[in-house]
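J.: Dumping the structure here so I can ask a few things about it.
The values are calculated or read from the model by the stated rules, or taken from the named source; none is laboratory data. Please read these numbers as outputs of a predicted model, since none were measured by experiment. Heads up, the Cβs are rebuilt from the backbone with ideal geometry, glycines too, and the neighbour counts pull from every protein chain shown.
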Amino acid sequence: MSPSDDTGQGRNILARLWTLLWRPSARYSLGVLVIGGGVAGILFWGGFNWAMELSNTETFCISCHEMRNTVYKEFKETPHASNRSGVGAVCADCHVPREWIHKLVRKIQATNELYHKIVGTVDTPEKFEAQRLTMAKRVWATMKATDSRECRNCHSETSMKAELQVRPAQRQHAKAKEQGKTCIDCHQGIAHKLPKGWQGASAN
């Protein structure tokens, strides 16, 4: 068989597939197919979003003992978890974007965390501490790159009244604004313990 025969045969197969794809169904009407496809699409989209939101819950986040027994335990002792105003945060508020496209990207990136869960990279307190600086730097760098987007979901600069802050905070915020700094440049360790060697490594 010559190469031209192979090419012709390939074209015939593609033509048959194309015809099959667009040929009206003998069993179901076009309306049934359209409605059925629409329902299937809605169910898929609903299920996908349900799974996305389920993975944002605190229960899901601390289902891994690596999180529950380390950073979550530290977080519970901070004002982000419990404070006089009664407004608290959960893991996703700081670590997952609210905008859908950014959230999807973050979920894709999280598959790397699943890999490390499977291979046991941080499955003991000793391993966790050995990796704490690397993990913290990764989170800080992301926050720096997004201008502390997740911080600003709750801490709006336009709603912040500098005159109600203590004098040192007023000076630091004014200085940070002049220098074009973002929240995470100064506010590491507000929800989790700072790792050893963190000085100078915040958003590098």
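J.: Please return the ranges of helices (runs of 4 or more DSSP H) entirely within the stretch 41-122 where 3 or more residues are among the hydrophobic types (A, V, I, L, M, F, W, C) and in the same structural domain as SER148 (by TED's automatic domain parsing). Quick ask: steps written out before the conclusion?
T.: On the way: elements: 58-61, 72-75, 91-95, 100-109, 111-119.
Helices (runs of 4 or more DSSP H) meeting the threshold: 91-95, 100-109, 111-119.
J.: Here are some conditions: (1) assigned by TED's automatic domain parsing to the domain that holds GLU74; (2) under 20 Å from the mean Cα position of the chain (by Cα). THR182 meets all but one. Which one does it not meet?
T.: Checking THR182 against (1) assigned by TED's automatic domain parsing to the domain that holds GLU74; (2) under 20 Å from the mean Cα position of the chain (by Cα), the one that fails is (1).
J.: A further question on this structure: Restricting attention to the stretch 76-124, which residues are without any contact (Cβ under 8 Å) to a residue 40 or more places away in the chain and among the acidic types (Asp, Glu)?
T.: Within the stretch 76-124, GLU77, GLU99, GLU113 meet the criteria.
J.: Can you name the residue in the stretch 97-152 that is acidic (Asp, Glu) and surrounded by 12 or more Cβ atoms within 10 Å (Cβ to Cβ) and, of all such residues, is modelled with the lowest pLDDT?
T.: Restricting to residues being acidic (Asp, Glu) and surrounded by 12 or more Cβ atoms within 10 Å (Cβ to Cβ), the top hit is GLU113.
J.: Among the residues of the stretch 161-204, write down those that are in a loop (DSSP other than H, G, I, E, B) and free of Cβ contacts under 8 Å to residues at least 12 places away in the same chain.
T.: LYS161, GLN165, VAL166, GLN179, GLY180, LYS181, GLY189, GLN199, GLY200, listed by residue number.
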